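Q: Pasting a structure below so you can have a look.
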Amino acid sequence: GWLDEHAYGGLSLMATVLGAVLLYYELGAAATAIGWMVLCLTLLAAGLRWDLVDFRVQAYALAGVVFARAWAINFYLDTTLLGVPTRLFTGIAVTAGLFAAHFMMRRRRALEDGSREDRFGALVAWADEHAASALSLLATVLLAAFLFYEVSGSLLTVAWSLQGTALLFAGFGLRDRQLRLSGLVLLGACILKAFFHDFRELDALFRIFSFMVLGILSLAVSFVYSRYREKLQRLL
């Protein structure tokens, strides 16, 4: 009956919630986000390995929760974790975890459980299709937010420019379109910030430095696109 049909999903959800609550009480405020990220990756790995729909859905939801907690709570903690400032430790660990989840989804095999012809099945199929892009976006935004809190305002454009360039070239090397798009969007945002904010607000020295770094990185990206146009067209 209905109970038998939904028992697996309900029990797995309760186990995940209990695990998340246990981590919350045992790890404390600083390490909870990292513990939840590990739980998220474990659920995602199991969901992909054995085609378990509920595990994948729970992993997607938990990734969003970890993202929100890291930004809303961990970035504001003035504590240390293993001798490292909590913001730094959490920013690196959670961002790396979200990127790891992105690559796990990129390399997923064909998933069959989400193809059922009902509303839930269609929703799962949609989530599976867009999860890799969403996870990459969460990681990119979280890293940008981390840089916003950690880097001096006068050097923020430089930091974001380096992040965008790193994402762009990582996208080329790994043939990952989402990383390339994220890098291009971030570089575009840096150019807008340089013209509409930095030009008026920054001191002359930092303004010149920001424009120089951004210009050099933009030229480097432009050179790569023009020099390796044929290869890039195959990647794109």
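The values are calculated or read from the model by the stated rules, or taken from the named source; none is laboratory data. Given the structure is predicted, the values throughout are model-derived calculations rather than measurements. As a convention, Cβ positions derive from the backbone with ideal geometry for all residues, glycine included, and neighbour counts pool all protein chains shown. Side chains are part of the model used for accessible areas, which takes the heavy atoms of the whole protein and leaves out ligands, DNA and RNA. Shrake-Rupley method; radii C 1.70, N 1.55, O 1.52, S 1.80 Å.
Q: Projecting each Cα onto the charge dipole of segment 31-116 (Lys/Arg +1, Asp/Glu -1 at the beta carbon, about the Cα centre), which of Met37, Pro85, Gly97 comes out farthest on the positive side?
A: Farthest towards the positive end: Gly97.
Q: Name the most mobile residue of Phe223, Phe89, Phe75, meaning the one with the largest mean-square fluctuation, in a Gaussian network model of the chain with Cα contacts below 10 Å.
A: Result: Phe223 has the largest fluctuation of those listed.
Q: Please calculate how many Å² of accessible area the chain carries per residue, with a 1.4 Å probe and no DNA, RNA or ligand atoms counted.
A: On a per-residue basis, the chain sits at 57 Å².
Q: Return the label of the correct value of Rg/Rh (Cα atoms, Kirkwood Rh), as calculated from the structure shown, out of (i) 1.04; (ii) 1.01; (iii) 0.97.
A: Read-out from the structure maps to (i).
Q: Another question, then. Could you look at the chain and say what percent of its accessible area is carbon and sulfur, using a 1.4 Å probe and all protein chains?
A: On the way: 9160 of 13370 Å².
Heavy-atom surface of the chain belonging to carbon and sulfur, 1.4 Å probe: 69 percent.
Q: Between Leu88 and Leu192, what is the label-point separation in nm under the 7 Å Cα-to-beta-carbon projection?
A: About 3.2 nm, to one decimal.
Q: In a Gaussian network model over the chain where Cα atoms closer than 10 Å are linked, find which of Ala96, Ala220, Ala31 has the largest mean-square fluctuation.
A: Sorting by GNM fluctuation, first place goes to Ala220.
Q: Could you give the nm distance between label points at Phe169 and Tyr149, where each point is 7 Å from its Cα heading toward the beta carbon?
A: Taking the two extended label points, one gets 2.8 nm.
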